Structures are given as structure tokens and as C-alpha cells.
1. Under DSSP H, which helices of the chain have Cα atoms covering 15 Å or more of the helix axis and a Kyte-Doolittle average no less than -0.5?
2. Please list the equivalent ellipsoid semi-axes of the range 243-285, computed as the square roots of five times the alpha-carbon gyration tensor eigenvalues, in descending order and whole angstrom.
3. Compute for the range 15-145: radius of gyration divided by Kirkwood radius, i.e. Rg/Rh, restricted to C-alpha atoms, rounded to two decimals.
4. What order do you get for 140-153, 253-266 when each peptide is scored by the mean count of other beta carbon atoms within 10 Å, highest first?
5. What figure, in Å² to the nearest 10, do you get for the accessible area of L155 with a 1.4 Å probe and non-protein molecules left out?
6. Would the range 151-197 count as rounded, prolate or oblate if I go by the C-alpha gyration tensor, calling it rounded below 1.5 in a/c and otherwise prolate when a/b exceeds b/c, oblate otherwise?
7. Highest GNM mean-square fluctuation, the chain, Cα pairs closer than 10 Å: which of A38, A156, A103?
8. I want to verify the translational diffusion coefficient of the range 191-235 in µm²/s; compute it with Stokes-Einstein, Rh as the Kirkwood radius over Cα pairs, at 20 °C and 1.002 mPa s.
Amino acid sequence: MTRRCRRRRRRNAPAPPEPGARQIRIKVAAAALNPVDAGVRAGGFGGAGRRLGLGWDVAGTVDAAGADAGWRVGDEVVALSYGPVKSLGTHADYVVVDADAVAGAPGSADPVHAATLPLNALTAAQALDLLALEPGQSLAVTGAAGAVGGYAVQLAAHRGLVVTAVARESDEELVRSLGAAHFAPGGVDGVLDAAILGAAALEWVRDGGVFVGVIPGAHPASVRGVRTDSVEVSADGARLAELVALVDEGVLTTRVADTYGLEEAGKAHARLAEGGLRGRLVLIP
């Protein structure tokens, strides 16, 4: 991993946003680029024709705190800035977030790696909550070599589930290293569909099992008594703190594909569109 560009001070930059009560302002050290950002940029999520801020993940330092925020200036943190349609996202020098969306940064990871955690790990954890499988039950994770899928494999194995990874043949060694016990799906108690395969993945679930997708409202209809649902990630600082602890314990592995200066965001989006990434692209102001 190399930094493509050091930060250049931008002339005539707007004043940093001010935090309100129970909010903090974060001086951004790193912010991950996710597929949802590409979707917003392309006009999805109701953002067509509007000037929108991109970026959901952030790692950085508390720069200012509103009343009753519970955080101090200088605290190193990570946070999820929830929502695809917003005027200012985390792809910026500063971002304001609600205090209850924030967790202390992992001590074992630098900001670049820490920035890959909030959106993808929270999505994986909250999807597993919806699945509600018990230890010893079987789970297939599609897109297991991706960001959400990779965290899901690790979290599921940590919960005592028997994980089948669905990924490219070339990724078998990787997903097994994340905790997958099997590589060919079929007859499982549940599916976490991080690759958005839909009905095709539903066929692998046994009668009466459960299927959870990662696109809100886009899961297939129930068949054979299979409960189907989809996760809509929510900002949750307490839960994020649990995931940070799992990073520090070595349960979760953060993966960075490459880094770009913030002014090179266009190049980063172009690389994201090429696909084939194993880890997240991260922007550095």
C-alpha cells in the first residue's frame, strides 16, 4: 500500500461545519470509498441532479464537540456517517456526525485501515443479527472475498456458525483464512447475500431457513417457508465499539486495496468501477 498523494492545502476552502448538541466534528484522516458512493454519484438513491456529499466511513480526530457530546477534542475515533443523500459526507477535510455514531479508533490499526470498518462491518454484523442463527448452524456468505462478505465470514465463524464461502475459485485460500469451513454452497440454514445474487442464492437455503440480503427491500420473496429479509445498516456507536474491539483482538481483519489523495477521488471511482478489488479504496485528505 502506498500513498498516492499527500494533502495539499486547498485555497478558499469553506469554513469547517459546526457541530450541534450531541454532535462532534471530526478532522478526517481517512475515509473509505464504497459501492454506495458510486451509486449516489451515478444519480441513485434519489440524488439525481443534486449536489451531494459522498462518503460513509471516517477515521480521524475529534476537532470540536457540541454540548453533551461525550467526546473530547483530540480523541481518535471512527464513525459511520449514515445516509446516501446528504450535503456533506466523509470525503472531506472535516465532517460532523452524531456522537452516538462514534467509537474510539482501534489501537492496532492505522486510520487508513480503521476507515474500512464502520459501514462494512456494521452491515455484516446487523445482517447476522437478522439471520438469528444459533452456534452450530450453517451459513453461506456470497461475495465472501469482498468487504461486507469478508467481515461476515469472520463474524459468523466467531459466533460459532459453520460458514460456507461463495466466491471465485481464486479466492478460496483467502476466504478459508477468514474462517470459512466450506467452499461449495447447498443445504444451508441461512444465506447472507453480500454479492446480491438474489433468488439464485435463495435456492441454497433449506426449507424453513432464512435469507438476508444487503440491499434494503430488494430481497426475493419467501419460498418453501424460508424467511427472507434485507439489512438496512444503521449508525450504532456502541456496536461499532464492539467491532473495534474485535479488530484489536485479531478476530476481524481490515483490508485496504489502495489509497488516493482526496483530490484524486475521480481516479479512485474509476478504479472502483473496474472491480476485482480485495479490500477497500481509501481517500486521504
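1. Details: long enough: 118-131 (19 Å, 0.96); 147-158 (17 Å, 0.88); 237-248 (16 Å, 1.11).
Helix filter hits for the chain: 118-131, 147-158, 237-248.
2. Working: eigenvalues 123, 33, 6 Å².
Listed largest to smallest, the semi-axes of the range 243-285 are 25, 13, 6 Å.
3. Details: Rg = 16.0 Å, Rh = 15.7 Å.
Ratio of gyration radius to Kirkwood radius for the range 15-145: 1.02.
4. Values: 140-153: 28.6, 253-266: 17.9.
In decreasing order of mean packing, 140-153, 253-266 become 140-153, 253-266.
5. Spelled out: L155, probe radius 1.4 Å, area about 10 Å².
6. Details: a/c = 1.41, a/b = 1.06, b/c = 1.33.
Note, shape of the range 151-197 comes out rounded.
7. Result: A38 has the largest fluctuation of those listed.
8. Details: Rh = 10.3 Å.
D, rounded to a whole number, is 208 µm²/s.
The values are calculated or read from the model by the stated rules, or taken from the named source; none is laboratory data. Worth saying up front: this structure is predicted, and the values here are computed from it rather than measured. When we count neighbours, we look across all protein chains shown, and the Cβ atoms used for this are built from the backbone with ideal geometry, even at glycine. The protein model used for the area step is the full one, side chains on, heavy atoms only, and it has no ligands, DNA or RNA in it. Shrake-Rupley method; radii C 1.70, N 1.55, O 1.52, S 1.80 Å.
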